[in-house]
Each structure stands twice: as structure tokens, then as C-alpha cells.
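Just so you know, all these numbers are worked out from the coordinates, no wet-lab data involved. The model shown is predicted, which means the values in this text are computed figures rather than measured ones. Ideal geometry is used to build each Cβ from the backbone, glycine not excepted, and the neighbour counts take in all protein chains shown.
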Amino acid sequence: MATIEERTKELDELYAKATTQEEYHRIWKAAQEVEKEARAQNLPINVRVRAALNGFWARYYEVRKFARTRENIDELYGLVKQATTWIGKEDVELAVNCRYLLSVIIGQLKEDLEEAGRIDEELRQLVKDTGNVPLALRVINAQGLNAMQRKDWQEAIAIFTSAEQNFPEASNVPEARQHLGNTVNNRGLSKLNLSNEMEDLEQKKEMVRSGVQDLLAAMNLYFRVPLIPQKHLEGIRNRLRVAKDKAKEVDPDLVRAIEIFVQ
């Protein structure tokens, strides 16, 4: 019979492949069962929370994409808030991962940007003296997502750019590549959104080109991680389709390049 750690690893693999509501929901339910079994075995709280974490993430994507109701949002928030309280701050990596998810839920689902900002500052304080690049990148991404939610595209771009500026070695750190990919991916989307606000055709053209370059760079980073996150690749393909529509206005050559890549 598989151990809790082995079943948690299996959930990690399933989560990386998930893109549909059925897949997200299946992971959510399976994680609940693994956590329940860990509790029955009186395993440490960090083992239980780690077993539940990808289930929480799967539920987040299910709620955000397919089942966005106040009841579902409040239920997920309550569960993650409780897990965050249980884990405390002794296990820094798990504490950061829980608080990062909590920040995303508060900012993206509950749309309470002030509270999300407070959590982001708590994250920054947790990480600042650790020297842990993947965790630092998660903090940067949380802060950038907050700026995106406020539609402050320039601030979001600056925050996401600080990831490469502060951690130039991140692309060579296997554990950091996906997190760096997330910052580059979200910077690309922020640039595409900023291009909508530009009246100068040349500036708009350059911003669209730069946004597309970021999306392609993010995809390259995702292909270099052990468990390729299919949901992020799907997201980039969707963003490239949006970029193609924008490019029609400013750069016909870019349209063809995007079409070839998406195919």
C-alpha cells in the first residue's frame, strides 16, 4: 500500500497535468482522502497540509474557471486559512506556499486587494533572509498579481521584471524555473493589456511584440521543469491567441509567427 508521501507525489503529478474541471475536482477529492488518512495515522501537521496543498490549488482553479460562487470561494478560503494557521512559520517553505495560495485566493477570488497586500508583506518578511530563490519568486509573483488585479499594468511589469533583475541565476535553478516562468508569463499578459492603453502605433507595436516574447520565453521555461504545468501552457496558448488579435492592428508579420507557434 502506498505511503502518504507517495500518494502526495502522485497528486503532484496529476495536478501538473490537470486542465479540465473534472480533473481539478478529482484531485481535490483525492487530496481530501489523503489528508484524512494522514490524520487517521496521527502524522505531523506539516505532512497533512502538504498532502492537502495541491488539492487546494486544484480547487482554486476549479472555482476560478468553472464554479465561481460565493459559497465555493468562502469554503476554500476558510480551509486554506485554517491550514495556514496550523502550519505556523516554523516550516518556512510550507508556510510560504500556504500564504501564497491564501494571497491568490484573497486577491483573485475574494478581490480584497488590501488584505492580499497584507499577506504579501507577511510573505516578504518570511522569505527575505532565507536565500531561497523559488520562495522569493513566489513572493514577487504574488505582488505582481495584486498589481494586475488593480489593472496597474506598469507597476505589474516592474514587479515581474524585478524577478530577473534580483535573481539572474533563477533560470539555472531547476526548482525555480516554473516560478520564474510564472513571472515572465504574467509580465507578458501585463504588456498586452498595457498595449490597449497606448495611442502611439509604434509604442503599441513594440509593447505587443515584447509581450509575445515574454509568453514564448515563459513557455520555454515551463518545458524545462520536471512536471510540465499543462494549465500554464494552455493559458499561454490562449494569451497568444489574444496577442494575435492585437497584432492584426499593428504588425501583420507577427500574426503569422504567432499562428505557426500556436499550431
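Some points to look at:
- Placing unit charges on the Cβ atoms of the charged side chains and taking the dipole of the chain about its Cα centre, the candidate lying farthest along the positive direction among TRP57, HIS232, LEU14 is LEU14.
- Inter-part distance where the range 25-52 and the range 152-184 are each reduced to a Cα centre, Å: 31 Å
- Centre-to-centre separation between the Cα atoms of the range 190-222 and those of the range 125-149: 23 Å.
- Rounded to the nearest 20, the Cβ-based charge dipole of the chain about its Cα centre (Lys and Arg +1, Asp and Glu -1) stands at 460 debye.
- Highest to lowest packing among 5-15, 209-219, scored as the average C-beta count within 10 Å: 209-219, 5-15
- Sequence-ordered 3J(HN,Hα) estimates for the range 177-183 from the Karplus curve with 6.51, -1.76 and 1.60 and θ = phi - 60° stand at 4, 5, 5, 5, x, 4, 5 Hz, glycine and proline given as x.
- Alpha carbon Rg of the range 40-125, scaled by the compact-globule rule 2.2 N^0.38 Å: 1.07
- Counted residue by residue at 0.36 nm each, then reduced by the alpha carbon distance between them, the extension gain from GLU93 to LYS248 reaches 51.4 nm.
- Relative to the dominant Cα principal axis of the chain, helix 113-127 is inclined by about 70°.
- For the range 150-263, a simple Cβ point-charge model (Lys and Arg +1, Asp and Glu -1, everything else neutral) yields a dipole of about 440 debye relative to the Cα centre.
- Across the range 150-263, the convex hull enclosing all Cα atoms gives 102 Å³ per residue.
- Based on C-alpha pairs under 8 angstrom that are at least 6 apart in sequence, the range 149-209 has a relative contact order of 34 percent.
- Charge dipole (Cα centre; +1 on Lys/Arg Cβ, -1 on Asp/Glu Cβ; no other charges) of the range 145-196 amounts to roughly 220 debye.
- Taking Rg and Dmax of the Cα atoms in Å as calculated from this structure, the corresponding entry among [x] 18.9, 64; [y] 18.1, 55; [z] 20.7, 64 is [x].
- Between ASN141, ASN193, ASN132, the GNM of the chain built on Cα springs shorter than 10 angstrom shows ASN132 fluctuating the most.
- Positive-end extreme of charge dipole, the range 150-263 - chosen from PHE167, LEU221, ASN196 (charges on Cβ): LEU221
- Between 0 and 90°, nearest 10: helix 153-166 axis offset from the chain longest Cα axis: 70 degrees
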